[in-house]
Structure formats: structure tokens, C-alpha cells
Amino acid sequence: MIEVNDIYFSYDDYQVLNGISFKVKTGEVLAVVGSNGSGKTTLLKHLNGILKPKRGSVKVFGMDTGSVKISELSRRVGLVMQNSDHQLFASSVTDEISFALRNFGFSKIEIDSHVREVLDEFGLYEFRNRPPLSLSGGEKKRLCIATVMAWQPEIVMLDEPTVGQDAVNKKNLRKIINRLSQDGKTVIISTHDLEFLWPINPRTIVISHGKVLTDGSLRSISLNGTVFASANLIAPQLAALASGIGLNEPPADEAQAVEMIKQWQKA
């Protein structure tokens, strides 16, 4: 579905991506993690053609993003931007969600149905008549995600989706990500919030200075005690716990951690 082959990219003289390669399968959940400035956002913008590689190639659905128009990919590849204010422009929350649906040719009945569905799913119904820019930072982020989810693209890309979100909304977002994957959608998450990712345990690419440090499941990567530090990331608490007491594998959640600690104490 997605093939990234040895891509390089720079903003003028500032080199951001330095030979990144990977493939993504249909229905896969992929996390791209790294510190601020590591190249995560720049990488995501290559996957829907907003940015074109200076060297190397990106193919999505067999199309080379360096030569196709963004409009040819936008219906199938949805990107939720890191800065919500760069994505919101309509006069009301309902109009914001409806805009892309109208442009993609959805019928009025379909638009009304999809809008109501995502308003409810993301807890935005009470704000449906509010101007988007009057919402809080967390509400804006949920609206941006809802706007993309409404047209049901085959690939959903989320750039720092947990910014401004409380524990309840993070849990709801994890459920949505799992549901999308089960429905055959591909989800790509750019973040440095490893605690959010831990219950999902996605395939994870760790990048630093525009290069891939490692690629594997989040929990398997956590067994390498240095990789997160090398990328200026804080290891998830359960990974740190497993490392601290010498467990062979990190626990999936707090309940499993308690049981593993009990077994460790008996040993």
C-alpha cells in the first residue's frame, strides 16, 4: 500500500529526512515516534503528496507521490495536521465537517448521516453551531480528527493526535484506532506520546535526525534500553518497570504488571 524508498528532504539548507525507507501494509497501525524536530511531520506530508522527496520515492496505492496531484490522493489519504488552526476555516463545526464531504460528492443524506455520526463519536454535538476557532485546543483537535474520519479514507494519518486530550478522550481515540484497523483501514500516528501508544502496541518506527533508528512492535523495541534515550524520548512507565526489575518482557497493562511483579518476587 505504501512504499517509502530511501527518501531525502531538506528545507533550503536544513536537512530533515536522511534516507528513510519502509513499507506499510493495508490495515496496519504504524506509529512514527521521535522528539520534536526529528522529521515526523515532514515524513507524514510525503505520504499524501504535500511534500515531494528531493531524492528517493514514495508510492501510495502504486502511485508515485512525486508526480501525482494531491487531489488524486486526498480522497484516499486523510491527514490530521499537528496544528489544528492550520486545518480549520469554516463558520461552524457542522460546516467544517461537511465541507470535504460536499467536495467529494457525498449526497445530502450521506452528509447529514456522517456529520451526526462523528459529532457523537467525538463528543462535539453540543458545539455543532459554534465557530471552530472558538473551541478549546483539545476540542479543535477532536474536530480535525472527526472531519477526516467523516469521509472514511483508506489511510488515516494522525499528527500528534493526543495534544490537549484528557484520559477519557485518549481512551476513546485508542478504541477508534483499533476499530479502523479491524475495518481494514491503515492508520499512521506521528507522536512522542509513548504512554498513549502502549496499550495499542503498534508497529513503531523510531526516527532521530531524519533517520530510522529501529522498526518493530512498541513493546519489543522497549526491551532495548537505549533506543528511546537515543531518540530523546521517555520510555513508557511499564517498559521502565520491566527493565528495572529484569523482566523478560514488558507488561501490556497495569494488571499484568502486578501479576508479573508477584511472580518476580516469588522467584
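Based on what the data block shows, is Ser220 surrounded by fewer than 22 Cβ atoms within 10 Å (Cβ to Cβ), over 30 Å from Ala90 (Cβ atoms), in the same structural domain as Phe9 (by TED's automatic domain parsing) and modelled with pLDDT under 95?
On the way: surrounded by fewer than 22 Cβ atoms within 10 Å (Cβ to Cβ): yes; over 30 Å from Ala90 (Cβ atoms): yes; in the same structural domain as Phe9 (by TED's automatic domain parsing): yes; modelled with pLDDT under 95: yes.
The answer is yes for Ser220.
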Being under 23 Å from Gly164 (Cβ atoms), modelled with pLDDT under 95 and crowded, with 21+ Cβ neighbours inside 10 Å is the requirement here; does Ser84 meet it? yes
Just wondering, is there one or more residues in the range 90-99 that are of a type in the set (A, V, I, L, M, F, W, C), in a loop (DSSP other than H, G, I, E, B) and either without any contact (Cβ under 8 Å) to a residue 12 or more places away in the chain or surrounded by 15 or more Cβ atoms within 10 Å (Cβ to Cβ) (or both)? yes
Please determine whether any residue of the range 22-34 is exposed (fewer than 14 other Cβ atoms within 10 Å of the Cβ), among the aromatic types (Phe, Trp, Tyr) and either closer than 30 Å to Thr226 by Cβ or at pLDDT below 95 (or both). no
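How many residues are part of a helix (DSSP H, G or I), under 18 Å from Phe196 (Cβ atoms) and free of Cβ contacts under 8 Å to residues at least 24 places away in the same chain when one looks only at the range 228-255? Walk me through how you get there before you give the answer.
Going through the range 228-255, the residues part of a helix (DSSP H, G or I) turn out to be 228-230, 237-245, 254-255.
Pick out the ones that are also under 18 Å from Phe196 (Cβ atoms) and you get 228, 237-241, 254.
Filter once more, keeping what is free of Cβ contacts under 8 Å to residues at least 24 places away in the same chain: 240-241, 254.
Residues flagged as part of a helix (DSSP H, G or I), under 18 Å from Phe196 (Cβ atoms) and free of Cβ contacts under 8 Å to residues at least 24 places away in the same chain within the range 228-255 amount to 3.
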Over the range 225-267, the set of residues within 17 Å of Ile205 (Cα to Cα) and surrounded by 11 or more Cβ atoms within 10 Å (Cβ to Cβ) is Gly225, Val227, Phe228, Ala229, Ser230, Ala231, Asn232, Leu233, Ile234, Ala235, Pro236, Ala239
Go over the candidates Asp120, Asp64 one by one and state the one that is within 26 Å of Val16 (Cα to Cα), surrounded by fewer than 17 Cβ atoms within 10 Å (Cβ to Cβ) and without any contact (Cβ under 8 Å) to a residue 24 or more places away in the chain. Asp64
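The values are calculated or read from the model by the stated rules, or taken from the named source; none is laboratory data. It should be emphasised that the depicted structure is a prediction, and the values quoted were computed from it without experimental measurement. Neighbour counts run over all protein chains shown; Cβ positions are idealised from the backbone, glycine included.
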